[in-house]
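Written out below as structure tokens is the structure these notes cover.
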Amino acid sequence: MTSNGHVRLATRLSKRLELRSNPDSSDVAGLLDRWSREAGGPETGYEWLAVTRLWLRAEQATAAREALARAEGTIPRSQYLLDRARIAFLAGAAADGGKDYWLGCSAAGDDASIEYWLDVQSLATPAEFAAWEAFRSLPANQRDLCRLLRRMWNRRAAAGGLSVEDRIALHYERLRHAQNHYLRRGKKEPTFTTRLGRPDNAVFDDRGLIYIRMGNPDDTSMYLGDECFEPNITWAYEYPGGTRLYHFSPGGGTDDWWLIRNLGLVYRCGAAGRNPFNTAPTALGLISAGRLTELYRSRSGLDVRYQQIAYRGGSVVVLQEMAREREWTLADGNFAVADVPDRPPVTGDVRLVQELLQFRAPSGDRTRVWLNAVVEAANLTPASEPGEPPLYRLSAVWSLLTESGEYERKTYDFDVTTARILGKDEGIPVRIRADLPPGAHLSTLVVSERGERTALPAQGGYLTDSVTVRRLTGTVPILSDIVVAPDSGGMWTPGGGVYLRPSPAHVTGPDGVAYVYFEAYNLSQGTGYTTRVRMEPLDGGEPFELTYPGESSGRGRVMTRGSLRVDLSQTKPGNYRMSISVLDHDSGLATLPSRTEIVVDADASVRRPEP
């Protein structure tokens, strides 16, 4: 059988499975028995590959592996490796699956490349679709499928705080669920998501599209259909800064559910069957709008804005409110379809405060970046047994993605024992370092509880931010970032015998003293320099300056450490911008200032003290 013949066969058999919502081993066995009786059963490598995919569809990894073994050596190697990777992901062996996935990718020809792409197209953004089309237009000897796919997977792994292999495995898990529950069956086409960049030939309805990209919703609300309402459901996803809502309805159909731009579009009532969105603010329009209140009130538990629309549902204002709602759903739709909505698998209930501190790396054209964070302890549960000191078992993952798509992931598991259970406004420090190339990076920090009793999603929190890594090489004087600590003790050290307890809150100690550390590069060797500290009140007032003398290293080093005790005990409490610059006495050159903010004698609720 030719490759095209195998595709037709696999498609025909798979179509029969699709008639069942959750095909199992008995369904596949029945098909194979019928095949054996009618046509003698599978014989060629491509036919055994078709059998492999039937068992994959039924989520039977062992049977799929046995069938694929019959095809080995008779089908292209890249195709064999891709299906072996799919089996490994199904069996929970993400590392093995990742190895085969990339080996197959590196050897993929046209047919295998298309299969790789079909697996990810429901995940792709419009920009990634454009990259795929550009890839296909290149001569065969200039194509690099792995590079295209690595950019996709690195971006999602970084946003989710996962390894690349685990993110791919998660995708195949979601694909299987979508195949079982959200395959397209009707003829009606989507409208809203098509404008947002939905794949033209996606085999899933919009529920499948959102599920593949975002996973299980955090909450749902459903309003059953009746004479006035088509069936509809809303999926809610919690993100820092707000809830993302997605309204689905079959829109007069029965099988496929599509995203809609207004919840009120499911309303069909009255003799004329008129929708309030298509009705001028007449008496009929107001009656229709008033009938919508119960529909919008049903979503008020997901987002208070829908309660506000319900409250105004009996007035002309509802039309204006619904225009605003279209803006919300457009923003949420773009977030899901035109961007990468990945998030880490944690509850998000634990707050984090962080800063990223940059210094020159010991060697190479890189910059050493220290992640300095504090994890809120109030929502963490000690893992210790009753009667034992509280023990917090935590895992931190720091993911970094460069503009060019390179991905670096730092993991750090640690235990903290405290004298008592930590409460409100108390935290646990997390410090991780990475030597990074200069440029823009996407940074995601995930901190979660770990241990046998921790279920998924784990209790924890995350922060996603962008950081521009500075280039600290060269020959002119330049400063690192500024470290601020409330006292002179601690376990963190940048080297040179300096030990501090840096706080990302940048609060002075209760005595109004801050301990400040920085590094100056390229000062003249063995000569004096002056450090100027400028304090500017952010809430109004006159700025002032402090100066400190110093002497640079005379041992041929290009780095000089600055460690200052800045006494602000006589300074008015409040928020300040601290600027530090260094004047080299020998060359007469001064560095550009490094800036940070500092809180003088702040209230304890702002300090977030560490144990």
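The values are calculated or read from the model by the stated rules, or taken from the named source; none is laboratory data. Quantities reported herein were computed from a predicted structural model and do not represent experimental measurements. Reconstructed Cβ throughout: ideal geometry from the backbone, glycine too, with neighbour counts over all protein chains shown. Just so you know, the surface numbers come from the protein's heavy atoms only, side chains and all, with ligands and any DNA or RNA stripped out. Shrake-Rupley method; radii C 1.70, N 1.55, O 1.52, S 1.80 Å.
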- Positive-end residue of Val467, Phe129, Phe335, charge dipole of the chain with Cβ unit charges: Phe129
- Message: Roughly how far apart, in whole Å, are the Cα centres of the range 574-604 and the range 200-235?
- Response: 53
- Item | Gln142-Asn216 pseudo-label distance in nm [points 7 Å out on the Cα-to-Cβ vector] | 4.7
- Modelled label-to-label distance, Ala131 and Leu330, 7 Å Cα→beta-carbon offset: nm? 2.7
- In the range 372-426, the trypsin sites (Lys or Arg not before Pro) that fall in loop regions by DSSP, at most 10 other Cβ within 10 Å: Arg420, Lys424
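Using the per-residue mean of other Cβ atoms lying within 10 Å as a proxy for protection, in what order, highest first, do the peptides 41-52, 229-240 fall?
Details: 41-52: 20.9, 229-240: 18.4.
Going by the mean number of other Cβ atoms within 10 Å, highest first, we get 41-52, 229-240.
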- Of Ser587, Leu523, Leu68, which is farthest on the positive side of the dipole of the chain, counting Cα position, with +1 on Lys and Arg Cβ, -1 on Asp and Glu Cβ, and the Cα centre as origin? Leu68
- Excluding ligands and nucleic acids, what accessible area in Å² is computed for Arg324 using a 1.4 Å probe, to the nearest 10? 110
- Message: Shape verdict for the range 417-543, please, from the Cα gyration tensor: rounded (a/c under 1.5), prolate (a/b greater than b/c) or oblate.
- Response: prolate
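Could you put Ile580, Ile421 in order of accessible surface area, largest first, with the 1.4 Å probe and the full protein assembly present?
Details: Ile580 0, Ile421 110 Å².
Final ranking, largest accessible area leading: Ile421, Ile580.
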- Straight-line reach from Lys99: which lysines have Cα under 25 Å away, leaving out those fewer than 8 places along the same chain? Lys410
- Task: Hey, can you find the accessible area per residue of the range 144-222 for me, probe 1.4 Å, expressed in square angstrom?
- Result: 42
- Based on Cβ point charges of +1 for Lys and Arg and -1 for Asp and Glu, what charge dipole magnitude is obtained for the chain about its Cα centre, in debye rounded to the nearest 20? 1060
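Take peptides 64-71, 25-32 and line them up by average Cβ neighbours within 10 Å, highest first, as a rough protection proxy. Show your work: numbers first, answer last.
Numbers: 64-71: 19.8, 25-32: 15.8.
The packing order, highest mean first, is 64-71, 25-32.
If you roll a 1.4 Å probe over the chain with all protein chains in place, what percent of the accessible area is carbon or sulfur? Let's see the in-between values first.
Values: 13740 of 28080 Å².
The value for the chain is 49 percent carbon and sulfur by accessible area.
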- Query: Between Ser36 and Val203, how many nm apart are label points set 7 Å from Cα along the C-beta direction?
  - Reply: 2.6
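With every protein chain left in place, what is the accessible area per residue of the range 349-496 in square angstrom, probe 1.4 Å?
Numbers: 6770 Å² over 148 residues.
Result: 46 Å² per residue.
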- Query: Quick one: Karplus J couplings for the range 75-91, per residue in order, coefficients 6.51, -1.76, 1.60, θ = phi - 60°, nearest Hz, x for Gly and Pro?
  - Reply: 10, x, 4, 5, 5, 4, 5, 4, 6, 5, 5, 4, 5, 4, 4, 5, 7
- C-alpha center-to-center spacing [the range 237-268, the range 38-84] in angstrom: 39
